[in-house]
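Please read the structure below before turning to the comments.
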Amino acid sequence: MAHHDTDLAVIGAGPAGLFAAYYAGFRGLRVAVVDSLPELGGQVTAMYPEKQILDVAGFPSIKGRDLVEGLVEQANTAEPEYLLDRTATDLTSTDDDVTITLDDDTTVTAKALLITAGIGKFSPRPLPAGDGWLGRGMEFFVPSFAPYAGKDVVIVGGGDSAFDWAVHLEPVAKTIALVHRRDAFRAHERTVQAVRDSSVEIITKAQVTGLFGEPTVSEVEITVDGQEPERRPAQAVVAALGFVADLGPLQQWGIEVQKRHIVVDAAMRTNLPRVFAAGDITEYPGKVRLIAVGFGEAATAVNNAAVVIDPSAHVFPGHSSEGS
């Protein structure tokens, strides 16, 4: 059974966790980063690596994967220990440290713990007609646009992901049909209008009721309410029906949770000693869930954790630009 000792353990390798790793190194701390996904970048890597992100300070527009690449390069200056594709299942704490156990029986003992787990573990909502088709032309996420070049694509869903992918795939694919069970959408109005103004065919009050082809999908059956099912060519289906978020074992650790978010104070402290949280997973009055906010919370959490780790340290370390 592997064991790791460190100053700060971070659960979650999304943007907030990666920036926290960098900042821990800036504070001279050893850091270990745990994530249940096999790659760094959290939801950005898993769900929208090709999407242009518009609300990160200093970048008028930056592609998701490019943001992650920069965050990883920055984090690597701290020489973090990455423990990926592993889920933290248990937490024990003493007056002096915190120990987390992972699902492969690895243990990590740290002087402080920072949870930057976003929305927790997430799993896509299934497309009923898509059972058995995953990897055979149907996908839940679009990590790369290239495989859709020249194809007839059907996107199922009415939220931000469905419309974002419709916008980005429209110049790449041969045709795109967006199918949604209602005639109202949950996506940002500006994105909805961009899709309406494009060549994407929007089919509402409809469902995908069948996929056909061998070995990969070649046709999709779409049923509009009150009408007979119709088949159309499709070599790719994107089931963008949202996802179910689960905080998992974390909820059994005694941390105060409010509506699937961890309650923190102004120093990003949880109700447990030596345990902090930052990013989308946190809850406090006035909370705004943006990547930019998560960066600030990560710095706040690390600076306050630094004093817990070494009581002789100061919360504010000075500006990074003042370093040699």
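Scan (1) outside any helix (DSSP H, G or I); (2) in contact with a strand residue (DSSP E or B) (Cβ under 8 Å, 6 or more places away or on another chain) for the single condition A298 breaks and write down its number.
Checking A298 against (1) outside any helix (DSSP H, G or I); (2) in contact with a strand residue (DSSP E or B) (Cβ under 8 Å, 6 or more places away or on another chain), the one that fails is (1).
Taking the range 92-120 as the region of interest, how many residues are in a strand (DSSP E or B), closer than 15 Å to A277 by Cβ and not polar (S, T, N, Q)?
The total comes to 7.
Hey, among G213, G248, which residue is modelled with pLDDT under 95 and either in contact with a strand residue (DSSP E or B) (Cβ under 7 Å, 6 or more places away or on another chain) or of a type outside the set (D, E) (or both)?
Matching residue, one of G213, G248: G248.
Kindly list the number of the only condition in (1) more than 23 Å from L272 (Cβ to Cβ); (2) among the hydroxyl-bearing types (S, T, Y); (3) surrounded by fewer than 19 Cβ atoms within 10 Å (Cβ to Cβ) that fails for T45.
Unmet condition: (3).
Every residue in the range 229-246 that is in contact with a Gly (Cβ under 9 Å, 6 or more places away or on another chain) and either assigned to a strand (DSSP E or B) or open to solvent by 30 Å² or more (accessible area, probe 1.4 Å) (or both), please.
P229, R231, Q235, A236, V237, V238, A239, L241, G242, A245, D246
Mind checking which residues of the range 46-75 are of a type in the set (A, V, I, L, M, F, W, C), in contact (Cβ under 8 Å) with a residue 40 or more places away in the chain and under 17 Å from G296 (Cβ atoms)?
Scanning the range 46-75 gives I53, V56, A57, L67, L71, A75.
From the list A78, A32, A2, which one is surrounded by fewer than 20 Cβ atoms within 10 Å (Cβ to Cβ), aliphatic (A, V, I, L, M) and over 19 Å from A292 (Cβ atoms)?
After applying the criteria, what remains is A2.
Among the listed residues F163, F140, identify the single one that is closer than 14 Å to Q52 by Cβ and of a type outside the set (D, E).
On inspection, the qualifying residue turns out to be F163.
In the list F163, F122, which residue meets the criterion of being touching a helix residue (DSSP H, G or I) at 6+ places or on another chain (Cβ under 6 Å) and in contact (Cβ under 8 Å) with a residue 24 or more places away in the chain?
F163
Looking for something open to solvent by 50 Å² or more (accessible area, probe 1.4 Å), under 20 Å from the mean Cα position of the chain (by Cα) and either at pLDDT 95 or above or not small (G, A, S) (or both) - is there at least one such residue anywhere in the range 259-279?
Yes: one or more hits.
For residues that are touching an Asp or Glu at 6+ places or on another chain (Cβ under 6 Å) and more than 19 Å from D131 (Cβ to Cβ), tally how many sit in the range 200-215.
The number of residues fulfilling the criteria is 3.
Could you check the range 157-228 for strands (runs of 3 or more DSSP E) lying wholly inside it with 3 or more residues that are open to solvent by less than 20 Å² (accessible area, probe 1.4 Å)?
Answer list for the range 157-228: 175-179, 206-212.
Pairs, please: C-beta under 8 Å, at least 6 apart or cross-chain, first residue on the phi > 0 side of the Ramachandran plot and in the range 142-154, second of a type outside the set (A, V, I, L, M, F, W, C) and not in a strand (DSSP E or B)?
Note: pairs meeting the criteria are G150/K174.
Restricting to the range 81-105, and then to whatever is hydrophobic (A, V, I, L, M, F, W, C) and surrounded by 14 or more Cβ atoms within 10 Å (Cβ to Cβ), can you tell me which residue is nearest to L54 (Cα to Cα)?
So, considering only residues that are hydrophobic (A, V, I, L, M, F, W, C) and surrounded by 14 or more Cβ atoms within 10 Å (Cβ to Cβ), the one nearest to L54 (Cα to Cα) is L83.
The values are calculated or read from the model by the stated rules, or taken from the named source; none is laboratory data. Worth saying up front: this structure is predicted, and the values here are computed from it rather than measured. Neighbour counts run over all protein chains shown; Cβ positions are idealised from the backbone, glycine included. Ligands, DNA and RNA are stripped out before the accessible areas are found, and what is left, the full protein with its side chains, is counted by its heavy atoms. Shrake-Rupley method; radii C 1.70, N 1.55, O 1.52, S 1.80 Å.
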